[in-house]
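First the structure, in the form of structure tokens, and then the observations on it.
Please treat every number below as a calculation from the coordinates, not as lab data. This structure is a prediction, so every number in the text was calculated from the model and none was measured. Cβ sites come from the backbone with ideal geometry, for glycine too, and all protein chains shown count toward neighbours.
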Amino acid sequence: MAFMDLFLGFLAWVQGPGFTRLAIAIECFYWTLPVLIVFTFFVNTWMILDVLYVRILLSDGVVNFLPVWGSRDMLLARVALSVYGFLLLNAAGSISYCWYLANFAAKKYRMPSGSVAPPPRTVMQTTFSTSLRFDFADLGMDGNRPNRCPEECVNAGAWRGDRMYHCRHGYNRCLPVFDHYCYWLWVPVYLNTIKPYCLFMPHMFLYSLYCLVVMVWALISPHMRGLSQFTAVVIFLSSIFAFLAAGGMMRYQWRAVVFRNRVGKERDDTWHWSMAIRKPNGQLVYDEPTANPYSLGSPWANAQEVLGRWYQMPFWFWEPERVGQYGHHLNLDNDTTISPAYMIRVKDIRLRYMDMAEDLTYVPDLPPLPPPPAPPSPPPRSFFRRRHNASSMV
């Protein structure tokens, strides 16, 4: 009974002022998480160097005048130190690259000229509200795009390219292939940052797990004495980051963004896409596909689209081809890669309207009309003289 009273009291506190306090605490944790990440990198490096370099490599295998570490242990320590350097380089490098792009590329992003220059593409993204405009069909003939930012930003009033969505949090501009703003890492997840952002998750997971294993081994080893008190802090932080990376962020982001080529702005209650197809006469027709028009059909094909070719995937600094091709796509049918299955649907729709146009302009072959009859010849002059008794004599 006492437990239930405490539980009900806790729920009442959460629904009342505790909810605000909890929200503030969560918000503060979000905004301090990048600081904790940097702190973890420094503390982990200090502890790893203390265990592997100072206590093993610099000891020459002797502890308290007794031989402890053999040549094999020295070799393993060097290998373990090299592995740590590799994991640190990828984890710290990928998130640092995200922060660089977030502060120097995203805040200055402008739509490429190729994405807004006439003529419009064969397939373009639009919105349902835009499709209700009375002049929607003629937008393609005017050289405009059927996709305009509804927010007050630097792109306000201007037509924007495909898969461009508004980012409010400190940017106030439209970004291509924008998924969401990550409060955890202070990064807008969009076209340029998707790859290093997604690669940071497995790198951080492996890095945290590796540090956790090394620290646990150092604690239970009989030859490691007098370790720093920061050891417990390192183990705790490593466990938290490993859990967060594996349990939530990595699983969801990789499944949706990498393997299915979806972004969060294309979802409300369900996934939906609004497309505008340019008919042969230049007018637009509205279409709502039931499947993702940007998915290439298989997880591997989508992963190559998002992360690059197989030899580019492990390198967080090697941007995929779609980053440079956005707005300047080679086939000029769209701003970014469209699903081959959806392009078949687009061709069918265009052919349907082409056949309808041919039916409206069809005129059957008719026999030529006969020539008009010749006008009658005027009567002779004598006819008028006889009728009026007139004479030509004076």
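Figures for the structure shown
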read-out: Point-to-point label distance, THR270-GLN229, nm (Cα→Cβ direction, 7 Å offset); value: 5.9
read-out: For THR126, distant residues with modelled amide H under 5 Å away; value: SER274, MET275, ALA276
read-out: Förster-model FRET efficiency, 25 Å R0, GLN325 and THR127, C-beta, rounded to 0.05; value: 0.60
read-out: Entries of LYS107/LYS195; LYS195/LYS347; LYS108/LYS195 with Cα pairs more than 26 Å apart; value: LYS195/LYS347
read-out: Spin-label model distance (nm) - SER221 vs PHE317, 7 Å beyond Cα toward Cβ; value: 3.1
read-out: Interchain or long-range residues, amide H under 5 Å from VAL154's placed H; value: CYS174
read-out: Length gained when the stretch PHE86-TRP310 is fully extended (0.36 nm per residue, less Cα-Cα span); value: 78.7 nm
read-out: Residue-wise HN-Hα coupling along the stretch 309-317, computed from phi with Karplus coefficients 6.51, -1.76, 1.60 (Hz; x: Gly, Pro); value: 5, 4, 7, 9, 4, x, 9, 5, 8
read-out: Distant-in-sequence amide H partners of SER221 (H built 1.01 Å from N, under 5 Å); value: none
read-out: Values of log10 I(q)/I(0), in the order q = 0.18, 0.22 Å⁻¹, for the stretch 198-316 under a Debye, Cα-only, solvent-free model; value: -0.99, -1.17
read-out: Phi-based couplings in Hz for the stretch 223-236 (Karplus 6.51, -1.76, 1.60; Gly and Pro marked x); value: 8, 9, 10, x, 5, 5, 5, 6, 4, 4, 5, 4, 4, 5
read-out: Contour minus Cα-Cα distance for SER298 and TYR353 (0.36 nm per residue); value: 16.7 nm
